[in-house]
There are 4 protein chains.
Amino acid sequence: MIKFTYKTKVYYKDVDQMGVVYYNRYYEYFEAARTELLQSMSIDVTSIENEGYFLPVITSHCDYKVGANFEDILLVNTMINKPPKATMRIDYEIYRSSNNELLVTGYTIHAFTDQSGKAVKPPKGLVHILKSNIQSIGSD
Amino acid sequence: MIKFTYKTKVYYKDVDQMGVVYYNRYYEYFEAARTELLQSMSIDVTSIENEGYFLPVITSHCDYKVGANFEDILLVNTMINKPPKATMRIDYEIYRSSNNELLVTGYTIHAFTDQSGKAVKPPKGLVHILKSNIQSIGSD
Amino acid sequence: MIKFTYKTKVYYKDVDQMGVVYYNRYYEYFEAARTELLQSMSIDVTSIENEGYFLPVITSHCDYKVGANFEDILLVNTMINKPPKATMRIDYEIYRSSNNELLVTGYTIHAFTDQSGKAVKPPKGLVHILKSNIQSIGSD
Amino acid sequence: MIKFTYKTKVYYKDVDQMGVVYYNRYYEYFEAARTELLQSMSIDVTSIENEGYFLPVITSHCDYKVGANFEDILLVNTMINKPPKATMRIDYEIYRSSNNELLVTGYTIHAFTDQSGKAVKPPKGLVHILKSNIQSIGSD
């Protein structure tokens, strides 16, 4: 399993009139988190796109347990369990840093397409790096 | 089944550099659509909240088939199949108006809480109106 | 003067924990309003862009008087006073529909560029339509 | 002058179909930046609000020179030149980190209100801290 923790903070822009983060904003945290997970393995999405590959989300899912509040520091655990085949799944857990409370869990599933939106095989370089990182961390 | 169609339009604010609506923005269309579905039955969320009831989302899910583009007119079919018990599920389908193409499907599940976030029974008035509307449309 | 009124509604996505619309969201209403102003003159931005013209915002400004609330209906008066030259200015006033209260005023200034971002003259068709509409409404 | 530099990064959520950050998103960077400027002086906005003070934006302004792109690192210089009186002005400059290019400049003006939205004098603690920090950095 590849695991990366992305740290972010809740600002006014994210919080609704119930005083908690609006439900679709967690998907923005997920996006930043997976971008940084890839970056942690020296993969930047811009380079992938410049090579003609796109990773559109085909499924998104989130379960909300406790709402995050303004000025909370959030830790977004971001995990890839299997190398990509036709699709790639990324899992997320968001914790409130101050008390280690689990706030939300979720996942996104990504396809691989060319610029025209046609499904293609995942880029070999990406598969190679992900496989290496999944194996190097052991048998989970 | 209660069914309502909410119409909206895609603006620049919603579209990413792939030229399609960013994946979390569909959840904003879902929110507007369910607010208008309730409004179509003379229920406004502000009044529900003024009575001390809140309907936080506890699960959100979306499957993306085709991306919506800038200036597309979208039709958001919004459906409630069962009266709420401890939770309420709302289903959505988004079509591109110009060619009736199905773009995304999804659902949200809502809890009922008081202002402090404690789970409560759904407000009787809401349950009554939803039950009446589900029954009045027949056996589906 | 060209004047168009765009109608929109405030949803949860727009409202912050003070219970009023978050300050940058009014700029999204401005964008929708100017898109519909152009549409009211049979100009769609997609066609302008397909001809190779872009209208990036070079200045945005907003003065906030009273906050808009959840489920408010908003009327966005959108005005063009002069035909575009090197730039085009659009003015906005947002009223709460229920009580005709003026909530915010603002403006955006747009440049004309080609796809590479280089400044170009405004598209002749657009200038023609705007001039015609400004004149046809008389001496203001 | 108080000056603080907030560092952030551009993600997909912020970028429009021109490939640059959507014009109202810079105001979200401004908000995060001023929250961190205050934090750098041990002021958190949550505490100010818990004491009954709110700092709503009454004017926002932004001039756009060059667009920020996906995965750009941005440096948001955030400046307070004068202690607050009835209002407080904060200035911003956003640079692209990779080439020190100035992308946007802007400012926000804030009022001080109580929870009901009524104008009040700025909280003494905040004024004291801001005055001390403005003076301690010398004659600019």
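Values as computed for the structure displayed
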item	result
Mean shadow area of the range B:2-136, taken as a quarter of the surface of its Cα convex hull (nm²)	8.5
Nearest-ten-degree value, helix D:124-136 long axis tilted from longest Cα axis of chain D	60
Chain B: angle of helix B:26-40 to the longest principal axis, Cα-based, in degrees nearest 10	50
Positive-end extreme of charge dipole, chain D - chosen from D:GLY19, D:ASN50, D:LEU126 (charges on Cβ)	D:LEU126
Per residue, the convex hull volume that the Cα atoms of the range D:64-135 enclose (Å³)	129
Shielding by partners - mean other protein chain Cβ count within 10 Å, residues of D:45-52	2
Nm distances between copies for A:GLY19, ranked from closest, using label points 7 Å along Cα→Cβ	1.3, 4.6, 4.7
Qualifying GluC sites (Glu not before Pro) for the range B:33-140 [loop in DSSP, other Cβ within 10 Å: at most 15]	B:GLU51
Distance violations [Cα-Cα > 22 Å] among B:LYS124/C:LYS13; B:LYS9/C:LYS13; C:LYS65/D:LYS121; A:LYS7/D:LYS13	B:LYS124/C:LYS13
At 7 Å out from Cα toward Cβ: A:ASN100 inter-copy label distances (nm, ascending)	4.5, 5.7, 6.1
Dipole moment magnitude, nearest 20 debye, chain B about Cα centre, only Lys, Arg, Asp, Glu C-beta charged	460
Net charge of Cβ neighbours under 14 Å - reference A:GLU101; Lys, Arg +1; Asp, Glu -1	0
Amide H within-cut-off set for B:GLU101, under 5 Å, with H built and near neighbours excluded	B:ARG96
Test item: A:4-12 mean partner chain Cβ contacts at 10 Å	3
Calculated FRET value between A:LYS9 and C:LYS9, using beta carbons and R₀ = 35 Å, to 0.05	0.70
Aspartates and glutamates with Cα under 19 Å of A:LYS3, excluding same-chain neighbours fewer than 8 positions away	A:GLU28, A:GLU31, A:GLU36, A:ASP44, A:ASP91, A:GLU93, A:GLU101, A:ASP140
Label geometry 7 Å along the beta-carbon vector: D:ARG89 inter-copy distances in nm	1.9, 5.6, 5.7
Note, ³J(HN,Hα) from phi for the range D:51-66, Karplus 6.51, -1.76, 1.60, rounded to Hz, x at Gly and Pro	7, x, 9, 10, 10, x, 6, 10, 9, 10, 8, 8, 10, 9, 9, 9
Pairwise centroid distance, computed over Cα atoms, of the range D:1-41 with the range C:11-88, Å	20
FRET efficiency, B:GLU51 to B:SER116 (Cβ-Cβ, R0 25 Å, nearest 0.05)	0.95
The protein assembly as shown: calculated mean residue ellipticity at 222 nm from DSSP helix runs of at least 4, using -39500 (n - 2.57)	-7500 deg cm²/dmol
Whole-Å semi-axes of the protein assembly as shown's equivalent ellipsoid (Cα gyration tensor)	33, 30, 29
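Computed from the coordinates by the stated procedures, all read-outs in this text should not be read as laboratory data. Remember, it's a predicted structure, so these values are computed and weren't measured experimentally. Methodologically, a virtual Cβ is constructed for each residue, glycine included, from the backbone with ideal geometry; neighbour enumeration extends over all protein chains shown.
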